[in-house]
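Trainee: Take this structure first; my questions come after.
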Amino acid sequence: NALDKTSPDLIPASVIRDILEYHVITSAALLSTDLSNSSAATLGGESIEINVDNGVVLNGSVNVTTPNIEATNGVVHIVDAVLIPPSIAPLVGTVAGVAYFDVNFTTLVAALDKANLVTTLINPDANFTVYAPTNDAFTAAGITSLDDLDADALTPILLYHVLGMEVASSQLENGQAVVTQNEGSFYISLNDNGAFINGNTEITGFDITASNGTVHVINRTLTPPTGNLLTVAGDAGFTQLAAAIERAGLVETVRDGGPFTVFAPTDDAFTELYRILDVQGVDEIAVETLRNVLLYHVVSGRVFSTDLTDGVMVDPALEGMATFTVNLGDQVTITDNSADTQDAEVTGFNVLATNGVIHIIDQVILP
């Protein structure tokens, strides 16, 4: 079984069609006695090589075992193996072939084709690890169509799933930074619930062996970070947080430092803080006070949602500052050290930046 499948239902219909059309010659109904050492064009447009020196052998290895079964509209020859069209054959057994011949990866295959990366991933001399997103994984990441994504947009996303070396599941380590082919990194979290990448993506299938590497299956397409923490927060519309960072003199720290984990309050959260403090905005808060409040939201290192445990005491990056507590349950909340504010609820997780990760919270937490 060259395609390593137990049923044709597991193979995309378009691939099945290409393979079936490669078994049909439409120029004539040819009996075995009509065949000669030659090439014959098939219904799909690709040619079969025929050799009749010792029986009928197709493409050098597929034997006609029962010839000349005549029908009303042609003739059938039974063969001992499936013929693979030359256009498809180079994919068989490769990391690209794992996806190409599987009905669960048609979106990935279309993306690889659009980005002109199929040739790269069938290189027989390479040794890749591919974290392969299923069709549902693209949807989970908000990618419901490839129509608006050209090769320039798709290439960095796809290469973020590819490593230039073979990494087995047994080699994964908690907290590991994995360098990808787009020269970025993603981050591994291992816990009792499984293996995760960047907090949001679970590895659901491991160690599918290919001739030029290994494939692991993931349930959410990975998206590489596009900017530093300050840029990402600004692009996400955290206007009050950005204003507070600037007033507190922390722009260079948040932009160039790290890696950090930032629990980022929304604009509405800052509005509630202004009400509590009876001020109109960040300009009315003392710089040192504002700086301490902001640094209370910053943790050294990358802490993804999959790294959190119930009741964990998190140490802010500012030395000597009291811890806050993360509580896991139906909703993830943060208990700070102020009686004046409610526990903050984490409303968004794992927004990746080049120098850290952001979690969105609905209250400003206070030291």
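Trainee: When you count, for each residue, the other Cβ atoms within 10 Å and take the mean per peptide, how do 26-34, 271-279 rank with the highest first?
Mentor: Listed from highest to lowest mean packing, they are 271-279, 26-34.
Trainee: Something else: Rolling a 1.4 angstrom probe over the protein chains, ignoring ligands and nucleic acids, what is the accessible area of His161 in square angstrom, nearest 10?
Mentor: Solvent-accessible area, nearest 10 Å²: 10 Å².
Trainee: Mind checking the dipole of the stretch 110-254: about its Cα centre, +1 per Lys or Arg Cβ, -1 per Asp or Glu Cβ, Debye to the nearest 20?
Mentor: Rounded to the nearest 20 debye, it is 180 debye.
Trainee: FRET efficiency for Thr119 and Gln331, Cβ-Cβ distance as r, R0 = 45 Å, nearest 0.05?
Mentor: 0.45
Trainee: Here's a follow-up. Please state the charge dipole magnitude for the chain, taken about the Cα centre, from unit charges on C-beta atoms (+1 on K and R, -1 on D and E), reported in debye and rounded to the nearest 20.
Mentor: 640
Trainee: Set the Förster radius R0 to 41 Å, insert the Cβ-Cβ distance between Asp278 and Asp310 as r into 1/(1 + (r/R0)^6), and round the FRET efficiency to 0.05.
Mentor: Plugging the Cβ-Cβ distance into 1/(1 + (r/R0)^6) gives 0.70.
Trainee: Further question: Ranked from highest to lowest mean number of other Cβ atoms within 10 Å per residue, what is the order of the peptides 296-307, 131-142, 177-188, 47-58?
Mentor: So the order, starting with the most tightly packed, is 296-307, 131-142, 177-188, 47-58.
Trainee: What is the pair-distance distribution P(r) of the stretch 241-282, computed from all Cα-Cα distances in 10 Å bins starting at 0, with each bin given as a whole percent?
Mentor: 26, 50, 21, 2
Trainee: Order the peptides 78-87, 345-354 from the highest to the lowest mean number of other Cβ atoms within 10 Å of their residues.
Mentor: 345-354, 78-87
Trainee: So what's the chain giving for Rg/Rh, alpha carbon basis, Kirkwood Rh from the mean inverse pair distance?
Mentor: Checking Rg against Rh, the ratio lands at 1.18.
Trainee: Hey, another quick one. Once fully extended, how much extra length lies between Ser14 and Leu146, figured as 0.36 nm per residue of separation less the alpha-carbon to alpha-carbon distance?
Mentor: 45.7 nm
The values are calculated or read from the model by the stated rules, or taken from the named source; none is laboratory data. From a predicted model like this one, the values you see are computed outputs, not experimental measurements. Cβ: placed from backbone, ideal geometry, glycine included. Neighbour counts: every protein chain shown. Calculation scope for accessible area: heavy atoms of the full protein, side chains included, ligands and nucleic acids excluded. Shrake-Rupley method; radii C 1.70, N 1.55, O 1.52, S 1.80 Å.
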